[in-house]
Amino acid sequence: MTIVSYAGITRPSFLLAHPELPVLVYCKLQLNSTSALRIPSNDMKRTEVTRFRCYVAERTFESTSVGSTLSNTGNVRLGRKQRSSSSLYSRPSLLEMKNEKIANRAKVYEFLRGIGIVPDELDGLELPVTTEVMRERVDFLHKLGLTIEDINNYPLVLGCSVKKNMIPVLDYLGKLGVRKSTFTEFLRRYPQVLHASVVVDLDPVVKYLQGMDIKPNDIPRVLERYPEILGFKLEGTMSTSVAYLVGIGLARREVGGVLTRYPEILGMRVGRVIKPFVEYLESLGIPRLAVARLIEKRPHILGFGLEEQVKPNVGSLLEFNVRKSSLPSVVAQYPEIIGIELKEKLLGQQCLLHSVIDLGPEDFGRVVEKMPQVVSLSRLPIVKHVDFLKDCGFSLQQVRAMVVGCPQLLALNLDIMKHSFDYFQVEMERPLDDLVTFPAFFTYGLESTIKPRHKRVAKKGMKCSLSWLLNCSDEKFEQRMEYDTIDMEEMEMPSFDMNTLTEPRSEDSASDYDDSDDEHI
């Protein structure tokens, strides 16, 4: 088969645009007849290709097939690419950029290692491309008081920009009232705050705290005490912990004061921490409402580890002869007793009282039941009070009986005790045995209670025990003054009443922030 091809004039525009080409004057097309080129095919038929020659601007281009034209075109494009690669304005390749980035990071890592910082955790974190910028960040952190050890504890802080992250956050905290002197400890405890957005992360938490009735002036102290609160979700742990406490009887108007004194509550999970703690105290015999009142007065007790501290301490109390029935009053009187290192204190005080007044193990248990604070008394006050009682004329056996009956004798103001004893001897003219029987005499105010009551009884010519005279309220005493005889059943030693925790609250609120609440025995 013969294929007849037709040739026309092509327009090699890339040549016409060349500045060195002369003006197009002449174009001559020369066609040659079919050549002897044959292309075999499957049916063994011949295929003929026409050869053409074109003269353009006195330059000759000759082709015997379409393939040669494509080849020439490719050569022209290749020439363009070669000329482009030699341009002064060429961009680096992605590989070159990647290698450069790796090299810069290696220099930054080398700088950090040189000053003692381990950069292993920084892989994948966006860091400054130059050591100068990184040095600026490290220097700024040093000015805030953070050491190399602090940075190694949280190396991700090196990903925070001084201008974009650190300064805005610190300025915000300063405007709230957080003291600059606390910044170092603040950042050691919660360095993640430097990653936070003031508008998106920090300000909503502050507004939430204000909505919990924490006074604006108390917000800085809350943040200083518990900076981690800035990372909590508003509708997560914070809201559920408060809701649970209100549910068990915590007064809604007391929430602000409780959170101000112990903001760590907002980070406690109800199911894992608060609820098990409350239920355990209930199992000891403390009513739920009484537990709520204890939390109102001493919210820090929620921070005592249930398994690590509370349960072992209760076991220690039982081991040192505190009766199980007395555990509720012991905890209610002195909640801190379930959170301190108790066993060693119990052993030390038992040995001390045995050496000073020959107190036995059973009596020691009674002393702890009546005044659990005895476990935290130091040796010197105990010895001084025992010596005072001995100087008053009491025998060692009488002193021991007085301490067992009223352990508060070991902690009262000695000067006040001396004045009360002088009045007892000179004005009341009673025998020492009356004080042995009712040692709580020393716990009453001399001017407010002892003197006025004694004068009224003496004026009426009545004979009564110290317990009948003192162990009652003013209202009850007025009623007693109407008696013709004295009811012996009313002559009882005062003891802790659990009902005092469930009585209606006074108008005074515990909402005011008190730094002294931060100090616990």
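Of all residues in region 310-333, which are assigned to a loop (DSSP other than H, G, I, E, B) and open to solvent by 10 Å² or more (accessible area, probe 1.4 Å)? Outline the logic, then answer.
Initially, region 310-333 is screened for residues assigned to a loop (DSSP other than H, G, I, E, B), giving 320-323.
Answer for region 310-333, where residues must be assigned to a loop (DSSP other than H, G, I, E, B) and open to solvent by 10 Å² or more (accessible area, probe 1.4 Å): Phe320, Asn321, Arg323.
List pairs: first in region 151-167 and more than 11 Å from Pro119 (Cβ to Cβ), second in a helix (DSSP H, G or I) and open to solvent by less than 40 Å² (accessible area, probe 1.4 Å), Cβ under 6 Å, 6+ apart or cross-chain?
Taking only residues 6 or more apart or on different chains, the pairs are Tyr154/Pro191; Val157/Pro191; Val157/Leu194; Cys160/Met166; Cys160/Leu194; Val162/Arg137; Asn165/Leu194; Met166/Leu194.
Residue check: is Asp474 without any contact (Cβ under 8 Å) to a residue 24 or more places away in the chain and of a type in the set (D, E, K, R)? Let's see the steps before the verdict.
Details: without any contact (Cβ under 8 Å) to a residue 24 or more places away in the chain: yes; of a type in the set (D, E, K, R): yes.
When the stated conditions are applied, Asp474 passes them.
Check off (1) more than 16 Å from the chain's Cα centre (by Cα); (2) within 23 Å of Asp213 (Cα to Cα); (3) open to solvent by 30 Å² or more (accessible area, probe 1.4 Å) for Gly271 and give me the number that stays unchecked.
(2)
Take region 369-394 and flag every residue that is surrounded by 14 or more Cβ atoms within 10 Å (Cβ to Cβ) and among the hydrophobic types (A, V, I, L, M, F, W, C). Before the answer, list the steps.
We begin by selecting, within region 369-394, every residue surrounded by 14 or more Cβ atoms within 10 Å (Cβ to Cβ); these are 369-377, 382-383, 385-386, 388-390, 392, 394.
Of everything in region 369-394, those that are surrounded by 14 or more Cβ atoms within 10 Å (Cβ to Cβ) and among the hydrophobic types (A, V, I, L, M, F, W, C) turn out to be Met371, Val374, Val375, Leu377, Ile382, Val383, Val386, Phe388, Leu389, Cys392, Phe394.
Hey, can you tell me all the residues within region 420-462 that are outside any helix (DSSP H, G or I), open to solvent by 50 Å² or more (accessible area, probe 1.4 Å) and either of a type in the set (Asp, Glu) or free of Cβ contacts under 8 Å to residues at least 12 places away in the same chain (or both)? Before the answer, list the steps.
At the first step, the residues of region 420-462 found to be outside any helix (DSSP H, G or I) are 429-431, 438, 444-445, 461-462.
Of the ones still in play, those that are also open to solvent by 50 Å² or more (accessible area, probe 1.4 Å) are 429-431, 461.
Once the filter is applied, which keeps residues that are outside any helix (DSSP H, G or I), open to solvent by 50 Å² or more (accessible area, probe 1.4 Å) and either of a type in the set (Asp, Glu) or free of Cβ contacts under 8 Å to residues at least 12 places away in the same chain (or both), region 420-462 yields Glu429, Pro431, Gly461.
Quick check on this structure: which one of Arg366, Arg293 is under 22 Å from Leu412 (Cβ atoms), open to solvent by less than 60 Å² (accessible area, probe 1.4 Å), of a type in the set (Lys, Arg) and touching a helix residue (DSSP H, G or I) at 6+ places or on another chain (Cβ under 8 Å)? Spell out how you get there, then give the answer.
Details: Arg293 fails: under 22 Å from Leu412 (Cβ atoms).
Residue meeting the stated conditions: Arg366.
Select from region 403-419 the residues that are part of a helix (DSSP H, G or I) and of a type in the set (Gly, Ala, Ser) and list them in ascending order.
Listed by number, the list holds a single entry, Gly405.
Looking at (1) open to solvent by 80 Å² or more (accessible area, probe 1.4 Å); (2) in contact with an Asp or Glu (Cβ under 7 Å, 6 or more places away or on another chain); (3) among the hydrophobic types (A, V, I, L, M, F, W, C), find the lone condition where Val178 falls short.
The single condition Val178 does not satisfy is (1).
Can you name the number of the only condition in (1) of a type in the set (Val, Ile, Thr); (2) more than 23 Å from the chain's Cα centre (by Cα); (3) in a helix (DSSP H, G or I) that Ile286 fails?
So the condition that Ile286 fails would be (3).
The values are calculated or read from the model by the stated rules, or taken from the named source; none is laboratory data. Because the structure is a prediction, the values reported are computed rather than measured. All Cβ positions, even for glycine, are placed from backbone atoms using ideal geometry, and neighbour counts span all protein chains on display. The protein model used for the area step is the full one, side chains on, heavy atoms only, and it has no ligands, DNA or RNA in it. Shrake-Rupley method; radii C 1.70, N 1.55, O 1.52, S 1.80 Å.
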